[in-house]
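Colleague: Sharing a structure, written as structure tokens. Questions coming.
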Amino acid sequence: MRYLMICTFVLASVLAYGQNGYQVPPKEIADLVNAPQTPSVSVNGAGDWMVVMERPGYISIEELAQPELRLAGLRINPRTNGPSRGAAFNGLIIRSVQGDKEYRVKGLPADPVIQNLTWSPNGQMIAFTITKSNGLQLWTADFASGQARQQTDAIINDALNGTPYQWFSDSKRIVYRSVLPGRGDVPVEAVVPSGPTIQETTGRKAPVRTYQDLLQNAYDEELFTYYASGQLYMLNVESGSKSAFSEPGIIRQISTSPDGNYVFATYVKKPFSYIVPYSRFPLEARILNNEGALVSTIADIPLAEDIPKGFGAVRLGPRSFSWRNDTPATLYWTEAQDGGDPSKKTDVRDKLYYLEAPFKGDKKADISLPLRYAGVSWGNDNLAIAYSFWFNTRQSVTSSFQPGNAGSTKVLFDRSFEDRYSDPGGFETVTNQYGRSVLMMDKSNSKLYLTGLGASPKGNIPFIREFDIATQETKNLWVSESPYYEIPIKIIDADKKLAVIRRESKAMSPNYFLKDYRRNKTTALTNMDHPYPSLKGIEKQVIKYKREDGLDLKGDLYLPKGYKKEDGPLPVVMWAYPREFKSAKAASQVTGSSYSFIRLNWGSPLYFLTRGYAVFDGPSMPVVGEEDEQPNDTFRQQLVWNAEAAINTLVEMGIADPRRIAIGGHSYGAFMTANLLAHSDLFAAGIARSGAYNRTLTPFGFQREERTYWEAPEVYYTMSPFMHADKINEPMLMIHGEADNNSGTFPVQSKRMFAAIKGLGGQARLVMLPHESHGYRAKESILHMFWEMDQLLETYVKNRPDDDMTEKVSPDGKE
């Protein structure tokens with residue numbers, strides 16, 4: 001097993017500044033990486049309790065390097081039968097929302113690894129898993145005593161995505177998925193194969209994207225079956241008694257009915273696939289009673305290898321199963337009416353169906369949707385809200401309907417989901433008698449409530465609004481006001497006008513408050529200190545500017561502490577991510593708030609403020625294609641326009657030295673970086689992390705590109721910086737996780753790009769981080785990443801020689 005950093009570099013270039021083991025960046029950056037993580041907060045459905053979930057620092061490379069199986073799109077730790085990667089908490093604090101009760105949950109083991117936390121339906125308990133070296137245990141904690149209790153041994157099966165247990169509505173019972181009792185030893189791979197691995201196509205189109213971690217052979221199928229198979233158990237939370245529940249199998253979804261009398265479960269079946277992940281494997285959808293006996297088989301859903309291309313494409317058969325939250329036991333789902341194919345012309349794309357207890361007889365049809373189904377918010381017998389969308393037109397529709405009345409649909413909002421200014425927000429919910437979320441209404445059931453970020457030309461102005469169901473008119477009840485940026489988390493009493501909000505400002509770290517928005521009074525619920533003392537005094541400036549075609553752009557500018565304009569121009573780190581739009585109007589909209597607090601995460605460029613750089617974070621990189629034109633038809637040209645506009649603005653402000661600007665990005669931002677280095681002469685150097693550079697390796701689409709390589713070969717060629725590696729003559733640092741499983745950004749992308757630059761005599765450095773995926777998790781990896789970035793910036797940007805001049809071919813082919 002490898003633990004050393006693999007650093008490949010070009011001997012002929014100057015990009016060779018050390019490669020022996022993990023390195024540590026300067027202390028000012030390392031101190032920020034090692035700073036305590038900000039806790040997360042969750043409020044229960046009733047709004048009377050909240051839990052503060054403390055987060056540990058970054059894990060060690062030793063923890064990350066634990067054994068890992070990559071099967072059917074999953075990453076499994078064989079020692080725990082749980083996920084090999086994922087965020088965790090290490091402490092829990094309970095606090096009353098209206099009152100002063102606060103205490104730490106007692107009885108937890110030392111250094112717990114807490115995951116899968118959920119509220120009981122009555123909001124008075126929480127359940128969660130704790131990962132031990134040999135498996136996952138199920139725990140609960142009640143708020144009356146603040147005491148945690150271990151409910152199971154380390155037998156929870158968390159190999160599949162989703163929470164491995166579910167509460168019943170009485171808050172006294174939980175159904176959980178266990179590893180198979182007595183399952184025996186792990187299958188052993190035969191030394192001598194029994195034959196070749198064979199796949200066959202029979203003439204039906206199957207335009208799947210570039211998934212990773214797929215099954216590859218019969219042995220992989222055995223391993224997947226071994227680790228994914230489980231047995232359901234019923235747990236009595238009070239007594240701790242347990243009993244086997246239903247048949248064992250690969251149980252993907254578990255969902256209890258609102259009245260607690262039924263369980264919906266989906267069982268994964270063969271045949272498995274070698275070209276799609278397990279989420280597309282065949283399924284059998286079952287209704288079980290509360291003793292685990294089969295009541296009804298709702299659907300037998302086939303393997304979905306041949307879903308048509310396009311973001312509006314879906315599998316055949318029933319999908320998106322959910323209980324209707326406001327009735328005892330009614331199961332809803334949707335089925336495509338267009339064969340799941342967005343290219344077909346039809347007036348109805350999806351239709352909702354349902355079946356009521358005792359689940360006998362035929363399914364019943366409910367509303368039809370002209371767009372693709374995106375979910376339902378349940379209210380009562382007279383009102384529910386349906387959401388639908390259509391990607392090609394960027395259309396989003398919110399409609400009301402009366403459940404069971406197929407002709408009752410009424411459009412409430414019809415807008416482009418790219419148009420953030422028109423976003424009405426989301427409908428607030430409240431917990432009902434079943435402990436389920438239903439639409440929050442006033443006492444007369446005539447009004448709903450909306451909360452949202454409130455994007456506007458002045459930036460985000462979060463709001464709480466009242467929505468009149470009959471007139472469809474909205475009324476502001478509260479909006480965030482300067483100098484704070486306040487975001488509503490949950491309305492806890494619409495009549496008393498009480499809400500939990502998160503408040504922050506340029507100088508104040510985010511904290512949670514009880515907001516009386518009738519009296520404009522706030523009461524602190526948390527008191528989290530400034531997490532980055534060394535960055536105190538650094539504030540964000542929202543800079544607005546235009547590119548050459550008149551499109552409005554913006555970016556967040558941060559300046560080093562103590563900087564004054566008379567100090568002269570600074571070296572600049574510009575960190576960006578391109579986004580596609582079908583509307584120039586939407587592309588030019590302002591996002592974020594000038595009053596928000598500075599935030600750091602492992603991927604942020606803001607660490608370099610401590611090294612004397614100005615940081616231009618998130619400058620707009622829109623790529624617009626209106627009407628029949630697709631955004632990617634002019635991708636390269638628009639990238640250069642965006643970058644030129646940003647640089648010209650910073651130079652005119654006297655902030656930037658135009659010869660000492662670096663461009664960087666992660667994932668699609670890395671793709672952008674390589675393209676800008678290849679097709680412009682604007683930057684001194686580039687940093688490209690976890691990118692893809694050859695689009696012919698993602699031939700069935702990428703990012704928001706729906707066309708295949710065979711439909712638009714010139715687009716794929718033109719956009720691929722690999723095809724233009726001979727034009728990259730600035731130093732480029734490429735960093736990539738060796739275990740990247742993001743669709744399209746497999747590690748070979750960076751390896752081949754590096755080989756191209758090396759073979760063509762360019763300057764590049766390739767850093768492959770052991771065990772890291774698309775995002776980086778180990779402290780050693782993150783510290784080394786910043787060391788690499790710091791070395792590049794100090795050598796080729798801040799201290800760039802004055803006579804270091806290069807020439808480049810522009811996008812139009814001119815010198």
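Colleague: Across segment 554-581, what is the total count of residues that are of a type in the set (D, E, K, R) and either open to solvent by less than 30 Å² (accessible area, probe 1.4 Å) or at pLDDT 95 or above (or both)?
Modeller: The number of residues fulfilling the criteria is 4.
Colleague: Let me ask you something else. Among the residues of segment 520-563, what is the count of those that are among the hydroxyl-bearing types (Ser, Thr, Tyr) and closer than 30 Å to Ile94 by Cβ? Quick ask: steps written out before the conclusion?
Modeller: Here is the first cut: in segment 520-563, the residues among the hydroxyl-bearing types (Ser, Thr, Tyr) are 522-523, 526, 532, 534, 545, 558, 563.
Within this subset, residues satisfying the condition of being closer than 30 Å to Ile94 by Cβ are 522-523, 526, 532.
Summing the residues that are among the hydroxyl-bearing types (Ser, Thr, Tyr) and closer than 30 Å to Ile94 by Cβ in segment 520-563 gives 4.
Colleague: For Leu676, all conditions in the list (1) open to solvent by 20 Å² or more (accessible area, probe 1.4 Å); (2) part of a helix (DSSP H, G or I) hold save one; what is the number of the exception?
Modeller: Of the numbered conditions (1) open to solvent by 20 Å² or more (accessible area, probe 1.4 Å); (2) part of a helix (DSSP H, G or I), the odd one out for Leu676 is (1).
Each row is one residue, and each column tells you yes or no for (1) buried (at least 21 other Cβ atoms within 10 Å of the Cβ); (2) among the aliphatic types (A, V, I, L, M); (3) not in a loop (DSSP other than H, G, I, E, B).
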site: Val314; (1), (2), (3): yes, yes, no
site: Ser322; (1), (2), (3): no, no, yes
site: Asp326; (1), (2), (3): yes, no, no
site: Glu335; (1), (2), (3): no, no, yes
site: Gly340; (1), (2), (3): yes, no, no
site: Ser343; (1), (2), (3): no, no, no
site: Leu352; (1), (2), (3): yes, yes, yes
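Colleague: Here's another thing I want to ask about it. Quick one: how many residues across segment 494-534 are among the charged types (D, E, K, R) and either assigned to a helix (DSSP H, G or I) or touching a strand residue (DSSP E or B) at 6+ places or on another chain (Cβ under 8 Å) (or both)?
Modeller: The total comes to 9.
Colleague: How many residues does segment 633-670 contain that are open to solvent by 10 Å² or more (accessible area, probe 1.4 Å) and among the aromatic types (Phe, Trp, Tyr)?
Modeller: Residues in segment 633-670 being open to solvent by 10 Å² or more (accessible area, probe 1.4 Å) and among the aromatic types (Phe, Trp, Tyr): 1 in total.
Colleague: Tell me the strands (runs of 3 or more DSSP E) entirely within segment 374-437 that contain at least 3 residues that are surrounded by 20 or more Cβ atoms within 10 Å (Cβ to Cβ).
Modeller: Hits in segment 374-437: 383-390, 395-401.
Colleague: Could you tell me whether Lys475 is at pLDDT below 95 and surrounded by fewer than 20 Cβ atoms within 10 Å (Cβ to Cβ)?
Modeller: It is false that Lys475 is at pLDDT below 95 and surrounded by fewer than 20 Cβ atoms within 10 Å (Cβ to Cβ).
Colleague: Now a separate question. Pairs please, first residue from segment 299-313 and over 17 Å from Lys269 (Cβ atoms), second anywhere and open to solvent by less than 20 Å² (accessible area, probe 1.4 Å) and among the basic types (Lys, Arg), Cβ atoms under 7 Å, 6+ apart in sequence or on different chains.
Modeller: Matching pairs, first to second residue: Gly312/Arg372.
Colleague: Condition (residue is more than 27 Å from the chain's Cα centre (by Cα) and at pLDDT below 95) applied to segment 346-361: is it met by at least one residue?
Modeller: Looking through segment 346-361, at least one residue is more than 27 Å from the chain's Cα centre (by Cα) and at pLDDT below 95.
Colleague: Just checking, how many residues over segment 530-550 are open to solvent by 80 Å² or more (accessible area, probe 1.4 Å), over 30 Å from Ala643 (Cβ atoms) and either of a type in the set (Ser, Thr, Tyr) or under 27 Å from the mean Cα position of the chain (by Cα) (or both)?
Modeller: Residues flagged as open to solvent by 80 Å² or more (accessible area, probe 1.4 Å), over 30 Å from Ala643 (Cβ atoms) and either of a type in the set (Ser, Thr, Tyr) or under 27 Å from the mean Cα position of the chain (by Cα) (or both) within segment 530-550 amount to 0.
Colleague: Then there's this: Tally time: how many residues in segment 523-551 are touching a residue at least 40 places away in the same chain (Cβ under 8 Å) and not hydrophobic (A, V, I, L, M, F, W, C)?
Modeller: 13
Colleague: Kindly indicate whether Gly47 is surrounded by 20 or more Cβ atoms within 10 Å (Cβ to Cβ), at pLDDT below 95 and assigned to a loop (DSSP other than H, G, I, E, B).
Modeller: When the stated conditions are applied, Gly47 passes them.
Colleague: So which of Val105, Val175, Val113 is touching a residue at least 12 places away in the same chain (Cβ under 8 Å), over 29 Å from Tyr58 (Cβ atoms), of a type in the set (A, V, I, L, M) and buried (at least 16 other Cβ atoms within 10 Å of the Cβ)? Please lay out each step first, then the result.
Modeller: Details: Val105 fails: over 29 Å from Tyr58 (Cβ atoms); Val113 fails: over 29 Å from Tyr58 (Cβ atoms).
The conditions single out Val175.
Colleague: It is to be established whether one or more residues within segment 744-765 are open to solvent by 10 Å² or more (accessible area, probe 1.4 Å), free of Cβ contacts under 8 Å to residues at least 12 places away in the same chain and of a type in the set (A, V, I, L, M).
Modeller: Yes; the residues of segment 744-765 include at least one that is open to solvent by 10 Å² or more (accessible area, probe 1.4 Å), free of Cβ contacts under 8 Å to residues at least 12 places away in the same chain and of a type in the set (A, V, I, L, M).
Colleague: Filter segment 438-454 for residues that are at pLDDT 95 or above, open to solvent by 20 Å² or more (accessible area, probe 1.4 Å) and either within 25 Å of Ser257 (Cα to Cα) or touching a helix residue (DSSP H, G or I) at 6+ places or on another chain (Cβ under 9 Å) (or both) and give the result.
Modeller: Of everything in segment 438-454, those that are at pLDDT 95 or above, open to solvent by 20 Å² or more (accessible area, probe 1.4 Å) and either within 25 Å of Ser257 (Cα to Cα) or touching a helix residue (DSSP H, G or I) at 6+ places or on another chain (Cβ under 9 Å) (or both) turn out to be Met441, Leu453.
Here is a yes/no grid of residues against (1) over 25 Å from Val314 (Cα atoms); (2) at pLDDT below 95; (3) aromatic (Phe, Trp, Tyr); (4) open to solvent by less than 20 Å² (accessible area, probe 1.4 Å):
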{"position": "Thr210", "(1), (2), (3), (4)": "no, yes, no, no"}
{"position": "Leu232", "(1), (2), (3), (4)": "yes, no, no, yes"}
{"position": "Leu235", "(1), (2), (3), (4)": "yes, no, no, yes"}
{"position": "Gly240", "(1), (2), (3), (4)": "yes, no, no, yes"}
{"position": "Ser257", "(1), (2), (3), (4)": "yes, no, no, yes"}
{"position": "Ser273", "(1), (2), (3), (4)": "no, no, no, yes"}
{"position": "Tyr278", "(1), (2), (3), (4)": "no, no, yes, yes"}
{"position": "Pro282", "(1), (2), (3), (4)": "no, no, no, yes"}
{"position": "Ile287", "(1), (2), (3), (4)": "no, no, no, yes"}
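Colleague: In segment 684-736, which residue that is part of a strand (DSSP E or B) and under 24 Å from the mean Cα position of the chain (by Cα) is nearest to Gly762 (Cα to Cα)?
Modeller: First, pick out the residues of segment 684-736 that are part of a strand (DSSP E or B): 685-689, 702, 705, 732-736.
In the following step, the residues that additionally are under 24 Å from the mean Cα position of the chain (by Cα) were identified as 687-689, 702, 705, 734-736.
Details: Ile687: 15, Ala688: 15, Arg689: 18, Phe702: 27, Glu705: 30, Met734: 13, Ile735: 17, His736: 19 Å.
The residue in question is Met734.
Colleague: Which of the strands (runs of 3 or more DSSP E) found entirely inside segment 169-283 contain at least 2 residues meeting this: more than 30 Å from Gly339 (Cα to Cα)?
Modeller: Here the list reads 173-179, 230-236, 242-256.
Colleague: Would you be able to say whether some residue in segment 456-467 is acidic (Asp, Glu), at pLDDT 95 or above and either open to solvent by less than 20 Å² (accessible area, probe 1.4 Å) or in contact with a Cys (Cβ under 9 Å, 6 or more places away or on another chain) (or both)? Full working, then the answer.
Modeller: Quick first cut of segment 456-467, residues acidic (Asp, Glu) only: 466.
When the remaining residues are screened for being at pLDDT 95 or above, the result is 466.
Imposing the further condition that a residue be either open to solvent by less than 20 Å² (accessible area, probe 1.4 Å) or in contact with a Cys (Cβ under 9 Å, 6 or more places away or on another chain) (or both) reduces the set to none.
No, that holds for no residue.
Colleague: Could you tell me whether any residue of segment 517-529 is among the β-branched types (Val, Ile, Thr), surrounded by 13 or more Cβ atoms within 10 Å (Cβ to Cβ) and touching a Lys or Arg at 6+ places or on another chain (Cβ under 6 Å)?
Modeller: Within segment 517-529, one or more residues are among the β-branched types (Val, Ile, Thr), surrounded by 13 or more Cβ atoms within 10 Å (Cβ to Cβ) and touching a Lys or Arg at 6+ places or on another chain (Cβ under 6 Å).
Colleague: Now, a different point. In segment 82-122, how many are in a loop (DSSP other than H, G, I, E, B), more than 30 Å from His774 (Cα to Cα), at pLDDT 95 or above and not hydrophobic (A, V, I, L, M, F, W, C)?
Modeller: Adding up the residues that qualify gives 5.
Colleague: Within segment 453-499, work out how many residues are polar (S, T, N, Q) and in contact with a Lys or Arg (Cβ under 8 Å, 6 or more places away or on another chain).
Modeller: 2
Colleague: Could you pull out the residue among Gly686, Gly701, Gly691 that is open to solvent by less than 40 Å² (accessible area, probe 1.4 Å) and in contact with an Asp or Glu (Cβ under 9 Å, 6 or more places away or on another chain)?
Modeller: When all the criteria are applied, what remains is Gly686.
Colleague: While we're on this one: List pairs: first in segment 789-807 and on the phi > 0 side of the Ramachandran plot, second open to solvent by less than 20 Å² (accessible area, probe 1.4 Å) and modelled with pLDDT of 95 or more, Cβ under 7 Å, 6+ apart or cross-chain?
Modeller: Final answer for the pair search is none.
Colleague: Taking segment 481-498 as the region of interest, how many residues are within 26 Å of the chain's Cα centre (by Cα) and not acidic (Asp, Glu)?
Modeller: Residues meeting the conditions: 6.
Colleague: A follow-up question, please. What is the number of the single condition among (1) modelled with pLDDT under 95; (2) aliphatic (A, V, I, L, M); (3) open to solvent by less than 50 Å² (accessible area, probe 1.4 Å); (4) under 30 Å from Gly762 (Cα atoms) that Ala35 does not meet?
Modeller: Failed condition: (4).
The values are calculated or read from the model by the stated rules, or taken from the named source; none is laboratory data. The structure presented is a predicted model; accordingly, all values stated were derived computationally and were not measured. In this analysis, Cβ positions are derived from the backbone assuming ideal geometry, glycine residues included, and neighbour counts consider all displayed protein chains. Only protein heavy atoms, including side chains, enter the accessible area calculation; ligands, DNA and RNA are left aside. Shrake-Rupley method; radii C 1.70, N 1.55, O 1.52, S 1.80 Å.
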